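See below for the structure under consideration.
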Amino acid sequence: MAVIRDVMPAFELLQPSSIVDAQKLLQQQGRDAWVLAGGMDSFDWLKDRIKKPKVVVDLSGIAELKGIRATSDGIEIGAMTTLTEVVQHPVIKEKFKVLAESAELVASPQIRNQGTLGGNVSQDARCWYYRAGWPCYRADGNICYADTPEGRNREHAILHAERCVAVNPSDTAPALIALDAKFVIRTSKGERVIDAEDYFVGPDIDITSLHVLKPGELLTAIRIPSAWAGAQFYFEKVRDRNVWDFPLLNVASAMVVSNGTIERIRIAVNGAAARPLRLKAVEDAVRGKAANAATGTMAGKLAVEGAVPLQFNAYKIPLMRNLVKRAIGGVEEATWTS
Amino acid sequence: MGDSDDNDHKLNEAPPTTISRRDLIKGVIAGGVTVSSASYLFRATSLLGQSGQSTGERLLTINVNGQLRRADVMRQETLAWTLRHKLGLTGTKLGCDRAECGSCTVLINDIPHYACSVLTHMVRDRKVLTIEGLASPEGKLHPVQQGVIDEQGFQCAFCMPGFIMASVGFLKTNPNPTRGELAFGVSGNLCRCQDYDKILTALMRGAENMRRASNV
């Protein structure tokens with residue numbers, strides 16, 4: 001597809017300065033409204049003329065959506081806080097390092113300076129058939145172009161695919177699931193708080209969206225409880241090139257280990273399915289076991305149970321097995337530095 | 001889109017009769033007035049085909065390179081477009097227009113951003129710094145610019161303004177980086193000449209120049 005270098009098609013730009021106003025505007029505009037956070041996902045859609053909203057609601061002027069605050073139990077991160085601010089925040093670096101690490105591996109410095117935490121978890125799928133405007137299931141059509149014998153699906157799903165085989169591209173999402181974060185959503189009726197893993201949906205629930213937000217709803221903040229502060233964390237992202245790229249797969253875990261035994265654990269992977277997957281079966285299987293390579297190997301095998309490869313992404317199964325193994329059993333090889 | 005095609009056609013014919021390249025260059029020297037008014041005409045005609053709802057232009061005052069500049073800005077207009085086509089600041093380059101190359105990097109409140117992926121209406125209360133604003137008012141080059149000249153860091157240099165702005169922004173947070181740290185700092189910029197090693201050497205020299213200048 002030719003890259004269009006021109007001014008985007010016209011839209012009405014609304015720039016509310018408070019959450020209440022933003023929610024009201026979204027409510028009024030309904031499906032016509034497009035929510036603009038950092039814009040790093042939005043502008044591609046708008047410039048390519050794939051999505052043509054009549055109204056864009058820009059959240060960048062809402063001060064109460066920005067910043068990181070201490071709460072009685074942990075911290076609260078405004079949805080419009082940039083990824084760079086998340087990476088650099090002293091409390092996140094000290095207590096919730098897995099989130100800082102995951103945010104630092106997103107895209108490029110300039111994108112992290114503008115891209116927001118709320119936007120990173122709410123961004124749309126990167127399947128190029130879908131992004132290029134093909135009328136696929138995710139775009140309200142009735143075919144998946146990636147899941148055909150000749151479809152290019154090296155980046156696509158190995159688990160829980162149903163008609164659509166796109167994956168969730170967020171790096172921070174699995175870290176937030178590992179930290180048992182809570183997502184705060186503003187609706188016309190007030191505020192709703194849900195678990196991180198319940199923010200994301202697969203094609204079985206909604207094939208046209210990767211998250212639960214409905215028109216008129218707004219993700220306002222993400223709360224991280226202190227339950228996992230200072231735990232033993234692991235984050236690893238595998239991608240084709242070291243800047244800009246989305247994950248082929250990533251893994252995030254938080255463990256509390258005492259005397260070599262795993263007491264508590266939360267672990268999630270992304271890039272394997274349309275939603276970041278919390279691996280509950282793995283958590284149950286390794287709890288009470290030694291945090292070593294043998295447990296890691298067992299966990300890796302369990303993690304990929306039921307995985308179904310497409311034509312070009314079978315490599316993701318051993319990759320996911322090994323990432324889970326490393327998250328739990330540790331990395332024995334020499335680490336690689338640039 | 002028929003309308004806009006017609007307008008594009010007219011556009012191709014009109015400018016040579018009104019502004020010669022020579023006049024245009026004179027205009028730049030005189031202070032950019034000709035350039036901004038010429039691009040104003042360009043934009044106004046090329047967008048007629050899109051004006052289904054509202055042309056959506058509003059007169060904005062934005063702080064660019066320490067000056068308050070006024071421009072009519074469409075709601076959907078990117079900062080890169082405003083800088084290049086309304087304010088005549090063509091030092092900011094447009095490469096991919098998709099936040100994937102870094103050529104359009106400018107500083108907004110001292111932080112590097114891709115100007116292709118910021119709406120001008122989002123920077124009304126903020127300070128924009130482009131490559132044109134780096135040198136001192138007397139014309140003394142910024143230490144990073146001097147480092148680039150000293151080391152002859154670039155080949156074709158299309159990516160240079162973006163690289164320099166990204167490194168100036170990065171050096172504000174880490175004035176004494178290792179080569180690896182600076183490489184990470186400018187990792188959001190691409191060079192098609194694949195001149196990364198020389199670029200890094202030049203930017204490292206620039207960082208050194210900056211430290212020396214601040215110690216004086």
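The values are calculated or read from the model by the stated rules, or taken from the named source; none is laboratory data. In this text, all values refer to a predicted model and were calculated from it rather than measured experimentally. All Cβ positions, even for glycine, are placed from backbone atoms using ideal geometry, and neighbour counts span all protein chains on display.
Residues checked against (1) in a helix (DSSP H, G or I); (2) at pLDDT 95 or above; (3) buried (at least 18 other Cβ atoms within 10 Å of the Cβ); (4) in contact with a Cys (Cβ under 6 Å, 6 or more places away or on another chain):
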site	(1), (2), (3), (4)
A:Tyr145	no, yes, yes, yes
A:Thr148	no, no, no, no
A:Arg152	no, yes, no, no
A:Leu159	no, yes, yes, no
A:Asn168	no, yes, yes, no
A:Pro174	yes, yes, yes, no
A:Ile177	yes, yes, yes, no
A:Arg186	no, yes, yes, no
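Would you check if A:Ser42 is within 13 Å of chain B (Cβ to nearest Cβ) and surrounded by fewer than 19 Cβ atoms within 10 Å (Cβ to Cβ)? Taking the combined requirement at face value, the residue does not satisfy it.
Yes/no matrix, rows are residues, columns are (1) within 10 Å of chain B (Cβ to nearest Cβ); (2) touching a helix residue (DSSP H, G or I) at 6+ places or on another chain (Cβ under 8 Å); (3) not basic (Lys, Arg):
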{"position": "A:Leu13", "(1), (2), (3)": "yes, yes, yes"}
{"position": "A:Arg31", "(1), (2), (3)": "no, no, no"}
{"position": "A:Lys51", "(1), (2), (3)": "no, yes, no"}
{"position": "A:Lys54", "(1), (2), (3)": "yes, yes, no"}
{"position": "A:Leu65", "(1), (2), (3)": "no, yes, yes"}
{"position": "A:Ile68", "(1), (2), (3)": "no, yes, yes"}
{"position": "A:Ile77", "(1), (2), (3)": "no, yes, yes"}
{"position": "A:Thr82", "(1), (2), (3)": "yes, yes, yes"}
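Across segment B:175-216, the qualifying residues are those that are surrounded by fewer than 19 Cβ atoms within 10 Å (Cβ to Cβ) and among the β-branched types (Val, Ile, Thr), and the one among them that is farthest from the chain's Cα centre (by Cα) is B:Val216. In segment A:15-29, which residue that is within 14 Å of another protein chain (Cβ to nearest Cβ) and either surrounded by 17 or more Cβ atoms within 10 Å (Cβ to Cβ) or aliphatic (A, V, I, L, M) (or both) is farthest from A:Glu64 (Cα to Cα)? Restricting to residues being within 14 Å of another protein chain (Cβ to nearest Cβ) and either surrounded by 17 or more Cβ atoms within 10 Å (Cβ to Cβ) or aliphatic (A, V, I, L, M) (or both), the top hit is A:Gln29. Within segment A:288-322, the set of residues being of a type in the set (A, V, I, L, M) and in contact with a helix residue (DSSP H, G or I) (Cβ under 8 Å, 6 or more places away or on another chain) comprises A:Ala291, A:Ala293, A:Ala294, A:Met298, A:Ala299, A:Leu302, A:Ala303, A:Val304, A:Ala307, A:Met320.
Scoring A:Asp6 on the criteria (1) within 11 Å of another protein chain (Cβ to nearest Cβ); (2) closer than 25 Å to A:Thr81 by Cβ leaves a single failure, condition (2). Does segment A:305-312 contain any residue that is under 20 Å from A:Ala181 (Cβ atoms), surrounded by 15 or more Cβ atoms within 10 Å (Cβ to Cβ) and of a type in the set (A, V, I, L, M)? No; the residues of segment A:305-312 include none that is under 20 Å from A:Ala181 (Cβ atoms), surrounded by 15 or more Cβ atoms within 10 Å (Cβ to Cβ) and of a type in the set (A, V, I, L, M). None of A:Pro109, A:Pro53, A:Pro90 is under 30 Å from B:Ala183 (Cα atoms), without any contact (Cβ under 8 Å) to a residue 60 or more places away in the chain and buried (at least 19 other Cβ atoms within 10 Å of the Cβ) except A:Pro109. Only helices (runs of 4 or more DSSP H) whose full extent lies in segment B:106-201 are considered here, and the ones with at least 1 residues that are within 12 Å of chain A (Cβ to nearest Cβ) and more than 20 Å from A:Thr116 (Cα to Cα) are B:160-173, B:179-185. Between A:Ala294, A:Ala281, A:Ala254, A:Ala274, the distinction of being touching an Asp or Glu at 6+ places or on another chain (Cβ under 9 Å) and part of a helix (DSSP H, G or I) belongs to A:Ala281 only.
Scanning segment A:3-30 for residues that are of a type in the set (Val, Ile, Thr) and over 20 Å from A:Ile62 (Cα atoms), we see that the one that is modelled with the lowest pLDDT is A:Val3. Name every residue in segment A:30-39 that is of a type outside the set (Gly, Ala, Ser) and surrounded by fewer than 19 Cβ atoms within 10 Å (Cβ to Cβ), in order of residue number. Of everything in segment A:30-39, those that are of a type outside the set (Gly, Ala, Ser) and surrounded by fewer than 19 Cβ atoms within 10 Å (Cβ to Cβ) turn out to be A:Arg31, A:Asp32.
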